[in-house]
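To keep things clear, I will list the structure first and then write my remarks on it.
The values are calculated or read from the model by the stated rules, or taken from the named source; none is laboratory data. The structure displayed is predicted, hence computed values, not measured ones. Here Cβ is always computed from backbone atoms with ideal geometry, including for glycine, and neighbour counts include all displayed protein chains. Accessible surface is based on the protein model in full, side chains and every heavy atom, while ligands, DNA and RNA are left aside. Shrake-Rupley method; radii C 1.70, N 1.55, O 1.52, S 1.80 Å.
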Amino acid sequence: MKAAKDTPESSKKKTSLFEEVKGFFWLLFAVLIFHSFIAKPFYIPSISMMPTLLVGDRLVVSKYPYGWSYVSPTIPNPAAIFRWGILREDEDSLAYTLPETDGRFWGSAPKRGDIVILTHPENKQDYIKRVIGLPGETIELRNGQVFINGTAIRQEAQPSMELPVDDNNDCSSNSFPNALRRDEDGTLRCFVSIVREILPNGKYWDTIDAFDSKNDNIRPYNIPDGHYYLMGDNRDNSADSRASWPNGLGGAIKWENIGGRASFITFSLDGTTTFNPTTWISSLRSGRAGNSLRAKKEEQSE
């Protein structure tokens, strides 16, 4: 028997399917290029950057300000995505990381006070921290106060700040001792002590002083060339440059491991979101969308 020839209709269907698949892959390619070299979304999974960033915040990370290195490309790992999204298993990273190489292409150096995304040199997981120390400087902490080349970064105590108590922040006594209070009507409220750090140029950011920790005192540390000393704003609940691996970053981080600068918050969720569409609106935290993540600057009095 002779094989049946394709009819014009079946040929059109095959061509249409091929064009749709081709269009999908071109769209995927464009998205990956944008994520790799322009900007990408980022989700805050931990309390280490409170009060600036809350668990459940979604933000935009700009990839181009510091140029590009081996950590810049976004290459999805389908197996890791399946385990994380379908099997609900914990995954250090949902993307492949290129082999480590020295150097960057284009861009300028991070500035003190920038909030940056970095790829951990050991577990290849993404972290978000603030740049505190620059290459060639000596950094030290005394009772929680930062000293750069022997000079203290100015600190000012601020009024206590109330953090939201919800599914994304239970204000546990381990993280925030004596911070959780209950009103007469049963409402839970979380009040934390705030210390503002102010640079000589007037730029500042707020940190949380939750309790006395061993990382409040760090002996003088010489930051190597091409490295940056990073810390979380929630100083007593942050795995950063003050702690050795695996409890922290293991010291200053190479510039090549910094993948971008946090720009602004797009929206924030309180942790009650489910597959039910009605929860997508009710779980939104108000007043966070659009907030800039650049260090603020004091107003100069005339």
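The table that follows gives values for the structure above.
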item: Single unsatisfied condition, R182 versus (1) farther than 18 Å from I47 by Cβ; (2) surrounded by 13 or more Cβ atoms within 10 Å (Cβ to Cβ); result: (2)
item: One residue from A289, A239, A252 being among the small types (G, A, S), open to solvent by 60 Å² or more (accessible area, probe 1.4 Å) and touching a residue at least 24 places away in the same chain (Cβ under 8 Å); result: A289
item: Single unsatisfied condition, S160 versus (1) in a strand (DSSP E or B); (2) in contact (Cβ under 8 Å) with a residue 60 or more places away in the chain; result: (2)
item: Yes/no for S16 being open to solvent by less than 40 Å² (accessible area, probe 1.4 Å), assigned to a helix (DSSP H, G or I) and at pLDDT below 90; result: no
item: Near pairs, Cβ below 6 angstrom, 6+ apart or cross-chain, from region 45-64 (over 15 Å from D270 (Cα atoms) and crowded, with 21+ Cβ neighbours inside 10 Å) to any residue that is β-branched (V, I, T) and at pLDDT below 95; result: K63/I38
item: Complete set of residues in region 213-236 that are open to solvent by 60 Å² or more (accessible area, probe 1.4 Å) and either more than 17 Å from E140 (Cβ to Cβ) or in contact with a His (Cβ under 8 Å, 6 or more places away or on another chain) (or both); result: D225
item: Subset of region 254-282 (residues that are closer than 22 Å to D57 by Cβ and in a strand (DSSP E or B)); result: I258, G259, G260, R261, A262, S263, F264, I265, T266, F267, S268, L269
item: Meets criteria (surrounded by fewer than 17 Cβ atoms within 10 Å (Cβ to Cβ), without any contact (Cβ under 8 Å) to a residue 60 or more places away in the chain and in contact with an Asp or Glu (Cβ under 8 Å, 6 or more places away or on another chain)) for S244; result: no
item: Within region 196-205, tally of residues that are at pLDDT 95 or above and open to solvent by 30 Å² or more (accessible area, probe 1.4 Å); result: 3
item: Among the residues listed as L249, L230, the single one being part of a loop (DSSP other than H, G, I, E, B) and closer than 25 Å to V61 by Cα; result: L249
item: Those residues of region 147-156 which are open to solvent by 30 Å² or more (accessible area, probe 1.4 Å) and in a loop (DSSP other than H, G, I, E, B), in sequence order; result: N149, G150
item: Filtered residues of region 185-195 (kept if aliphatic (A, V, I, L, M) and either in contact with a helix residue (DSSP H, G or I) (Cβ under 8 Å, 6 or more places away or on another chain) or open to solvent by less than 50 Å² (accessible area, probe 1.4 Å) (or both)); result: V192, I194, V195
item: Criterion (open to solvent by 80 Å² or more (accessible area, probe 1.4 Å) and either of a type outside the set (G, A, S) or touching a residue at least 24 places away in the same chain (Cβ under 8 Å) (or both)) met by exactly one of I281, I265; result: I281
item: Boolean, C171 is crowded, with 19+ Cβ neighbours inside 10 Å, within 22 Å of the chain's Cα centre (by Cα) and without any contact (Cβ under 8 Å) to a residue 40 or more places away in the chain; result: yes
